[in-house]
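To start, the structure under review is shown below, and the notes come after it.
The values are calculated or read from the model by the stated rules, or taken from the named source; none is laboratory data. Because the structure is a prediction, the values reported are computed rather than measured. For neighbour counting, all protein chains shown are included, and Cβ atoms are generated from backbone atoms with ideal geometry for every residue, glycine included. Ligands, DNA and RNA are excluded from the accessible area calculation, which covers all protein heavy atoms including side chains. Shrake-Rupley method; radii C 1.70, N 1.55, O 1.52, S 1.80 Å.
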Amino acid sequence: SRRQRQMCIREGAYIALRDPLNEIRSWIAFQFLQRVELVILYISEPYPELEESLHDSIEKGLVELKNYQWPRTGIHGRIQCSNQYAQINMCFYTNRHRVKWMILCDIDEYVYSMTYPFNLQLAVNYYDQLGITAFIVSIGFFFDLDPSQYHVDENLTTLYRNEHFSNGTQFEAYPYRLSINETGRTKIAVKDSFNGLLRNHDYIPSRNRT
């Protein structure tokens, strides 16, 4: 049987054509620096260039692409909010037999440990020893754009992203060298034994948990 992986990061929001290849590739590279063993991306629309670009990582079993082209009504505000809860829970409950821990985050969010730099496995092992099956992590955007304006102007957001990738300030090997705009949002790290409901920024444990 296939060895259960220690750590998987799952990309929380939809991957769409508006997400640049260089941004996705840089985000994946950062996960590998953190000793993440598997990255799962959920694709919301046909993106053949992405599969071609990540071909080697896919062949090696380091990256998986999941077709997630569900109908989206848009009744809950931003388009990805319409069925993101279903996506998050489906990812966890269909993959938890393959991984010991999973972190749920987006490609513009970089999760790292200040206590265990470049080793998220040691970070989750700490909580594992305490018997914790899920915990919240704070996040920040690595952009100069004011977080309060992040979703106000999509064109401005894209402009800032492309500018950072062009001049090399978006991704560096050592995250503390980057200026971080705190958003106040949180993401979830969850163990395979967790039972309950996962949401975008928090979770509700099952009342019947043991």
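Right, Phe92: open to solvent by 30 Å² or more (accessible area, probe 1.4 Å), in contact (Cβ under 8 Å) with a residue 24 or more places away in the chain and of a type in the set (A, V, I, L, M, F, W, C) or not? Please lay out each step first, then the result.
Working: open to solvent by 30 Å² or more (accessible area, probe 1.4 Å): no; in contact (Cβ under 8 Å) with a residue 24 or more places away in the chain: yes; of a type in the set (A, V, I, L, M, F, W, C): yes.
No: the conditions fail for Phe92.
Under the condition of being of a type outside the set (Ser, Thr, Tyr) and touching a Lys or Arg at 6+ places or on another chain (Cβ under 8 Å), which residue from segment 40-58 is farthest from Glu109 (Cα to Cα)? Quick ask: steps written out before the conclusion?
Restricting attention to segment 40-58, the residues satisfying the condition of being of a type outside the set (Ser, Thr, Tyr) are 40-41, 43, 45-46, 48-52, 54-56, 58.
If we keep only those that are touching a Lys or Arg at 6+ places or on another chain (Cβ under 8 Å) too, we end up with 40-41, 43, 54.
Numbers: Ile40: 15, Leu41: 14, Ile43: 17, Leu54: 20 Å.
Among those that are of a type outside the set (Ser, Thr, Tyr) and touching a Lys or Arg at 6+ places or on another chain (Cβ under 8 Å), it is Leu54.
Can you find, within segment 113-131, the residue that is nearest to Val63 (Cα to Cα) among those that are open to solvent by 60 Å² or more (accessible area, probe 1.4 Å) and modelled with pLDDT under 90?
It comes out as Phe118.
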